[in-house]
1. In segment 61-95, how many are farther than 25 Å from Leu10 by Cα and touching a residue at least 24 places away in the same chain (Cβ under 8 Å)?
2. Out of (1) part of a helix (DSSP H, G or I); (2) over 23 Å from Met123 (Cβ atoms), the odd one out for Glu25 is which?
3. Could you please give the count of residues in segment 147-181 that are open to solvent by less than 20 Å² (accessible area, probe 1.4 Å) and either touching a Ser or Thr at 6+ places or on another chain (Cβ under 9 Å) or within 11 Å of Leu131 (Cα to Cα) (or both)?
4. Being more than 17 Å from Asp66 (Cα to Cα), part of a helix (DSSP H, G or I) and free of Cβ contacts under 8 Å to residues at least 24 places away in the same chain narrows it down to one of Ala152, Ala170, Ala158, so name that one.
5. Which numbered condition in (1) under 21 Å from Leu138 (Cβ atoms); (2) touching a Lys or Arg at 6+ places or on another chain (Cβ under 9 Å) is the only one that Glu25 fails?
6. Quick one: count up the residues across segment 13-36 that are surrounded by fewer than 18 Cβ atoms within 10 Å (Cβ to Cβ) and either touching a strand residue (DSSP E or B) at 6+ places or on another chain (Cβ under 9 Å) or of a type in the set (A, V, I, L, M, F, W, C) (or both).
7. Within segment 115-140, track down each residue that is within 30 Å of Asn28 (Cβ to Cβ) and open to solvent by 20 Å² or more (accessible area, probe 1.4 Å).
8. Scan segment 96-114 for residues that are over 16 Å from Ile68 (Cβ atoms) and either open to solvent by 90 Å² or more (accessible area, probe 1.4 Å) or free of Cβ contacts under 8 Å to residues at least 12 places away in the same chain (or both) and report the count.
Amino acid sequence: MNLPNLLTILRIIAAPIIAILIWRETSNAQLIIAFVLFCVAGLTDWLDGYLARKLKIESHLGRILDPIADKVLLACVLLALASHYTRDWLFIAPALIIFLREFIISGFREYMSKENIIINVSMLAKWKTTLQLAAVGLIILSMIFTENAFLAYTSIAALWISALVTVQTAYDYLKLGLSQLKH
C-alpha cells in the first residue's frame, strides 16, 4: 500500500458518504459538507496520479483502482442527485449517457485486455473525467445556492457538455479497439 493507492481508496470510501449527504439532505450544511468532500475527492483523482508519477511508485493496482474510483464517485453522486431531479430530463438524460458509457467502455476494455489488447486512457478521456467532476460539483453548488438561476443553468449545461465528451471518448475507444481486433 502506498500513498497514491491510499488516496484512491479514500475516494472510493468518500463516494457513498457524499451520496448519502446529498440524498438525505436536510440542510444547506449537509450540502456544503457534501460539496467540500466531493471537491477533495475530485482533487485526489489528480493527486494520486501525480504522486505516483513523481514518487515513481506507479502500480498495477493503482492503474486498476483509479478509474474504478472515478466511476464509483460519479455514479454514487449522480444517483443521489437523481433523487432531487426525478422528473428533470435535462439532468437525467446526460446522467444516463454518462452511466451507459462507463459500463459499456469498462466492459469493452476488460474484453480487450483478455484479447491482450491494452487500450490506454486518452487525454480526452482524462478531460472527460475532469469535466464530469466539475459539472457534478456545479450541480451540488447550485443546490446550495438555489436562488441563483445562472448557476443552475450553467451546471446543467456543463453536465451536457461532459456527456457529449463522454460519447466522443466512447466512440474513440470503440473505434480504436475494434480496429486492433481486426489485426
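1. Initial filter on segment 61-95 (farther than 25 Å from Leu10 by Cα): 84-94.
Still in the running and touching a residue at least 24 places away in the same chain (Cβ under 8 Å): 84, 90-91, 93-94.
Going through segment 61-95 one residue at a time, the tally reaches 5.
2. (1)
3. First pass over segment 147-181, keeping only residues open to solvent by less than 20 Å² (accessible area, probe 1.4 Å): 155, 159, 162-163, 166, 169-170, 173, 177.
Okay, now just the ones that are also either touching a Ser or Thr at 6+ places or on another chain (Cβ under 9 Å) or within 11 Å of Leu131 (Cα to Cα) (or both), so 155, 159, 162-163, 166, 169, 173.
Residues that pass the stated criteria total 7.
4. Details: Ala170 fails: free of Cβ contacts under 8 Å to residues at least 24 places away in the same chain; Ala158 fails: free of Cβ contacts under 8 Å to residues at least 24 places away in the same chain.
From the options Ala152, Ala170, Ala158, the qualifying one is Ala152.
5. Only one criterion is unmet by Glu25, namely (2).
6. From segment 13-36, those surrounded by fewer than 18 Cβ atoms within 10 Å (Cβ to Cβ) are 13, 16-17, 20, 24, 26-30, 32-33, 36; that's our starting set.
Next, only the ones that are either touching a strand residue (DSSP E or B) at 6+ places or on another chain (Cβ under 9 Å) or of a type in the set (A, V, I, L, M, F, W, C) (or both) stay: 13, 17, 20, 29, 32-33, 36.
Number satisfying all stated conditions: 7.
7. The answer is Thr130, Leu131, Leu133, Ala134, Leu138.
8. The first filter runs over segment 96-114 and keeps only residues over 16 Å from Ile68 (Cβ atoms), leaving 96-97, 100, 111-112, 114.
When the remaining residues are screened for being either open to solvent by 90 Å² or more (accessible area, probe 1.4 Å) or free of Cβ contacts under 8 Å to residues at least 12 places away in the same chain (or both), the result is 96, 100, 111, 114.
Residues that pass the stated criteria total 4.
The values are calculated or read from the model by the stated rules, or taken from the named source; none is laboratory data. The model shown is predicted, which means the values in this text are computed figures rather than measured ones. Using ideal geometry, Cβ is built from the backbone for each residue, glycine included, and neighbour counts are taken over all protein chains shown. Just the protein is used for accessible areas: all its heavy atoms, side chains included, with ligands, DNA and RNA removed. Shrake-Rupley method; radii C 1.70, N 1.55, O 1.52, S 1.80 Å.
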